[in-house]
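Every number here is computed from the coordinates shown, using simple stated rules; none is lab data. Owing to the predicted nature of the structure, the values given are computational and were not obtained by experimental measurement. Here the Cβ positions follow ideal geometry from the backbone for every residue, glycine too, while neighbour counts run over all protein chains shown.
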Amino acid sequence: MRLGIIGCGNMGGGMASQLVKNGFELTCFDPSPENSGKMAALGATTTASASALAKICDVILLSLPKAAVVEAVMAQMLPDIQAGTVILDASTSEPATSQAMSAKGAEHGFAFVDGPVSGGPAAANAGTMTMLLGGDADAIETLRPALDIITAKTVRVGGSGAGHAAKIANNMLCAANLVLVGEAIRLGQAAGVSPEDLLEGINAGSGRSGVSEVNFPKWVLNDAFDSGFTMGLMRKDVGLALDLAKSSNVDLSGFAKIADIWLNGSSDIADSDDFNAIVKTNAREV
Ligand code: NAD
């Protein structure tokens, strides 16, 4: 396996460090000199373009900001992708983009698998991410030696695009839970229950979630707000849920109010801030 990573930021850089640590010879491309320099310091080979990487790698992992960037990078690489290559898109992208790339792969002789991840930079650095996979089962098995290093759990949720659809649904719930657990804590405080006691109760009961078990103790109650996942990325994911609902003709009226808080009701929080900061905006008086 000649393995390459395109997009070596918080997530891609963490995956790269695990792979190098576990003996993979890795080639990396990132247009940011800072992130490219970090990859060189890890011991990875760096290239000057995505195309240069495609010429020498037969397994290519993408960890890019959004679908439009995935499409642009794929268009640049297309003439140089070798037959038999497997591309794994670990970005949070869009089902339609993966399906289009997978169809291009069928024409040009490569496989395109969508494998968005959960866990954040800490899990990427520790090799403990969860990955939701969509695509050809044989192509996924080709990826297995690398998946075993970068993930603690993989779930194949269906064919091309299914991984992104599942990830969008997952982040829709995470976005909703952040707002709702924040409200539940304020409700408890108004009734004389401390946030710590309330969370202990919720986490022993049926209202618990990843947000109540992980986000609040790890990043909110201690005022750390340093998860490595930004408001801008979660706003993108909230928008993706609305877009997917529209194109699939699904009514998300319950989620609509929450989405409005993320997209319009929190303009005092910058895109670059930690995504857990949404709990602060929602503390306004009603
Ligand atoms: P990031 O901004 O830290 O990293 C993105 C990297 O892509 C940057 O290094 C950037 O230079 C690079 N890049 C941008 N344009 C490029 C191009 N044309 N060619 C090559 N590289 C390019 O973002 P991140 O937090 O690592 O997130 C990456 C993806 O993973 C996103 O889709 C995000 O939604 C998803 N994700 C992030 C988290 C998290 O907690 N940070 C968790 C799960 C999923």
DSSP beta bridges in the chain: the antiparallel percent, rounded to 5, is 15
Skipping prolines and chain starts, which residues have an amide H placed within reach, meaning under 5 Å, of the one on I5, given they are 5 or more residues away or on another chain? T27, C28, F29, L61
Pop the C-beta distance of A122 and K257 into the FRET formula with R0 = 41 Å and round what comes out to the nearest 0.05. 0.85
For the chain, what does the helix formula give at 222 nm: sum of -39500 (n - 2.57) over DSSP H segments with n ≥ 4, over the residue count, nearest 500 deg cm²/dmol? -16000 deg cm²/dmol
Which residues qualify? For I87, with a placed amide H closer than 5 Å and at least 5 residues away or on another chain, they are I60, A111, F112, V113
Label model pair A68, A152: point-to-point distance (7 angstrom along the Cα→beta-carbon line) in nm is 3.5
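Mean separation of Cα pairs under 8 Å and 6+ residues apart, divided by the residue count of the range 3-159: what relative contact order is that in percent? Before the final figure, lay out each step's value.
Working: 319 pairs, mean separation 33.0, N = 157.
Relative contact order here is 21 percent.
Note the full-extension length gain between A270 and N222 as 0.36 nm times their separation in residues minus their Cα-Cα distance, in nm to one decimal.
On the way: separation 48, 0.36 × 48 = 17.28 nm, distance 2.03 nm.
My answer for the length gained is 15.2 nm.
Could you put H108, H164 in order, starting from the residue whose Cβ has the fewest other Cβ atoms within 10 Å?
Working: H108 13, H164 28.
Taking fewest neighbouring Cβ atoms as first place, the list is H108, H164.
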Could you work out which residue, out of Q18, Q76, Q99, moves most in a Gaussian network model of the chain, that is, has the largest mean-square fluctuation with Cα springs under 10 Å? Q76
Candidates A162, A204, A67: whichever shows maximal mean-square fluctuation once the chain is modelled as a Gaussian network with Cα springs under 10 Å: A204
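Order these by the 10 Å Cβ neighbour count, fewest first: E183, E94. Please list the in-between numbers first.
On the way: E183 14, E94 23.
With the fewest neighbours first, E183, E94 line up as E183, E94.
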Once phi is turned into θ = phi - 60°, what whole-Hz ³J(HN,Hα) does the Karplus curve with 6.51, -1.76 and 1.60 give for every residue of the range 177-188, x standing for Gly and Pro? 5, 4, 5, 6, 5, x, 5, 4, 5, 5, 4, x
Below 8 Å between Cα atoms, with a sequence gap of 6+, how large is the relative contact order for the chain in percent? 14
Looking only at L78, L240, L132, which one moves most when the chain is put into a Gaussian network model with springs between Cα atoms under 10 Å? L78
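Rank these for me by crowding, M234, M131, going from fewest to most other beta carbons within 10 Å.
Working: M234 22, M131 25.
In order of increasing Cβ crowding within 10 Å: M234, M131.
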